[in-house]
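Engineer: Below is the structure I would like to discuss, written out as structure tokens.
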Amino acid sequence: MDSYEDEGVGEPGPGRSPERVGRPAGPERVADSAGAGRGPDAEPETGQDVEAEVEPGAERGVERDVEPDAGREAADPGPNGSAEGARAGIAALSMPYQVAAAVALAVLGVFACVHLAMVFLHVAPSNTVTKKHGEAVDDWVYPEFEQNWKLFAPNPLQQNISVEVRAEIAGKGGGRTTTDWIDLSAQDTARIRGNVLPSHTAQNELRRAWDFYLNSHTDDHRPNGLRGELSGQYMRRIVMLRLDERALGGTVEKIQLRSVSRPVPSPAWSTERTDTRPVVRDYPWWRITDADRPAGSAEAAEASGADRPAGSAETTAQARTETAR
């Protein structure tokens, strides 16, 4: 185990002279002016040059901390070896080039905005802007920026369609009367308007059933297969549910539907003129059977007891024949 005597540092022991305190034990020991390699209590001799005792060719074990010179620039050098090279982009250009670059970027930004607006107007549905400036839009788009697809398809519905019904009533005395037209769509509108949470039935039942009926029938009101027959039955049952809520004074024997299309008028700021006269389309009369009446209704019980027993073979055959008609 090495002692302070072997290291040549520390306090002087017996028989040692004070001159050896703080000196390296050999030429390979190196001590700098900061006191590296010395004991914690050792102090260098006054006026003694420690580096002078190091033999030539000996490596130094400790590097000295070099303080920056006074006035040296603290900024990191840039790519070109100076602080000016750290600037990049437009800021590195002179003032005339900065102005030219800013103007070029502004022109590109305006061009991009105008191009996007022109392409949007080209693919958008017909509107007030395209009707007034349609030629300018086409001149911009064709032929370099031609688009062969539509952004919005199909066009939004621009008319209100109402489904109305009237019924032929058989009175208790045997007489028959025909009611006025009853607007079923207006009933749904009244239930929805002002209602924060309207029911799904009021919003979609009649509207979807009517679309289902139109799409599954020909122009001459003939059903397209089984879907057409089912759509007719579904439509009759919805109508009878609405009529069952009314006191019509008798039994519903027949019903007739019609659609009333009312175009939406043009806004006040538009130059477009729209014919707002309603277009009415009548549909054939339907004979009502027990299968079309709501279960448990008074009309169903009265019709079943007075005319024929419900559920008989004759009733079923007649209902199928009337449905086909």
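The values are calculated or read from the model by the stated rules, or taken from the named source; none is laboratory data. Given the structure is predicted, the values throughout are model-derived calculations rather than measurements. Quick reminder, even Gly has a Cβ in these numbers, built from the backbone with ideal geometry, and neighbours come from all protein chains shown. Surface accessibility is based on the protein's heavy atoms, side chains included, excluding ligands, DNA and RNA. Shrake-Rupley method; radii C 1.70, N 1.55, O 1.52, S 1.80 Å.
Engineer: If a residue has to be of a type outside the set (A, V, I, L, M) and open to solvent by less than 50 Å² (accessible area, probe 1.4 Å) to count, how many in segment 111-126 make the cut? Give the steps one after another, and end with the answer.
Structural biologist: Start the filter on segment 111-126 by keeping residues that are of a type outside the set (A, V, I, L, M), which leaves 111, 113, 115, 120, 122, 125-126.
Filter again for open to solvent by less than 50 Å² (accessible area, probe 1.4 Å), leaving 115, 122, 125.
The number of residues fulfilling the criteria is 3.
Engineer: Out of (1) surrounded by 12 or more Cβ atoms within 10 Å (Cβ to Cβ); (2) of a type outside the set (Asp, Glu); (3) under 19 Å from residue 258 (Cα atoms), what's the single condition that is false for residue 178?
Structural biologist: (1)
Okay, residues lined up against (1) exposed (fewer than 14 other Cβ atoms within 10 Å of the Cβ); (2) assigned to a strand (DSSP E or B); (3) of a type in the set (Asp, Glu):
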| site | (1), (2), (3) |
| --- | --- |
| 229 | no, no, yes |
| 236 | no, no, no |
| 246 | yes, no, no |
| 276 | yes, no, no |
| 286 | no, yes, no |
| 291 | no, no, no |
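Engineer: If only one of 105, 121, 116 is farther than 30 Å from residue 270 by Cα, of a type outside the set (Asp, Glu) and not in a loop (DSSP other than H, G, I, E, B), which one is it?
Structural biologist: Working: 121 fails: farther than 30 Å from residue 270 by Cα; 116 fails: farther than 30 Å from residue 270 by Cα.
Exactly one residue qualifies, and that residue is 105.
Engineer: Something else: Keeping to segment 248-274, report how many residues are in a loop (DSSP other than H, G, I, E, B) and touching a strand residue (DSSP E or B) at 6+ places or on another chain (Cβ under 8 Å).
Structural biologist: Restricting attention to segment 248-274, the residues satisfying the condition of being in a loop (DSSP other than H, G, I, E, B) are 248-250, 264-274.
From the residues that got through so far, the ones that are touching a strand residue (DSSP E or B) at 6+ places or on another chain (Cβ under 8 Å) too are 248-250, 264, 274.
Counting residues in segment 248-274 that are in a loop (DSSP other than H, G, I, E, B) and touching a strand residue (DSSP E or B) at 6+ places or on another chain (Cβ under 8 Å) gives 5.
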